1. Where both partners of a DSSP beta bridge lie in region 2-129, what percent of those bridges are antiparallel, to the nearest 5?
2. Arrange the peptides 171-182, 108-119, 198-209 so that the one whose residues have, on average, the most other Cβ atoms within 10 Å appears first.
3. Report the trypsin sites (Lys or Arg not before Pro) located in region 191-223 that are in a DSSP loop and have at most 16 other Cβ atoms inside 10 Å of their Cβ, or state none.
4. On each of the three principal axes of the Cα atoms of region 11-212, give max minus min coordinate, whole Å, ordered largest first.
5. Name the residues whose placed amide hydrogens come within less than 5 Å of the amide hydrogen of Asp166, ignoring near sequence neighbours (fewer than 5 apart) on the same chain.
6. Pop the C-beta distance of Asp54 and Leu218 into the FRET formula with R0 = 30 Å and round what comes out to the nearest 0.05.
7. May I ask you to compute the full-extension gain from Glu8 to Glu73, defined as 0.36 nm times their residue separation minus their alpha-carbon distance, rounded to one decimal in nm?
8. Using 0.36 nm per residue of separation minus the Cα-Cα distance, give me the extension gain between Val154 and Glu82 in nm, one decimal.
Amino acid sequence: MNMTVNVEDMVIGILGGTGDQGRGLARRFALAGQRVIIGSRSEDRARAAASELDVAPHEVDGMTNSDTARNAEIVIAAIPWEGHGDLLSSLAAELAGKIVVDCVNPLGFDARGAYALPVAEGSAAQQAAGLLQDSRVVAAFHHVSAKLLLDPEVVAVDLDVLVLGDDREATDLVQALAARIPGMRGVYAGRLRNAGQVEALTANLVSVNRRYKAHVGLRVTDI
């Protein structure tokens, strides 16, 4: 990665930011000094979620998803898989020209646990790229525990973030963004066409967590 990449002054928007994953990422980025906007269908709900985080009030704001997409420089999609396509397609104009980081994991759950859902395009990230023709889509932050992100006793989140995309400048920037959170490292993991197995791996990690009562992450060795 190009170590001169600077993301400190960029505004980070999180679509679906009132969920645990969105709030967790918002909290960690704000604690690292980023300006963050939490997005939701309801502005009141977004503002309430922002005000409940244990960060400086000026660091996190709450807006509608459309205003979040319009005002942020980097946008993270942390929305439920069920509404993924509809929301992103409705925001294509607002997201044009921007880096969109998709961290959505298409998973199902039954009595035997978590399992990966089939996606016609190959992955949630590839679906996003197809819907957002004028955006630069990157896949990242799939395997980060929301519980650890939100836990005030966890100072460093000890894991690697697998970053995938077809635009080198965009993946470098998202790697640098991941490194803003203490303990994290962004690792380039291939083109966007390889995002499917990264998203599906989350089902395996859910199984590990259940068996060992843990909140596991991944580390890539020898780099």
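Throughout, read-outs are computed from the coordinates displayed, never taken from laboratory work. Computed from a prediction, not measured in an experiment: that's the story for all the values here. No Cβ is skipped: glycine too gets one built from the backbone with ideal geometry, and neighbour counts run over all protein chains shown.
1. 20 percent
2. Going by the mean number of other Cβ atoms within 10 Å, highest first, we get 171-182, 198-209, 108-119.
3. The qualifying sites are Arg191, Lys213, Arg219.
4. 41, 40, 32 Å, listed from the longest principal axis down.
5. Here Leu192 satisfy the definition.
6. Using R0 = 30 Å, I get an efficiency of 0.65.
7. Taking 0.36 nm per residue and subtracting the Cα distance, the gain is 22.2 nm.
8. 22.9 nm
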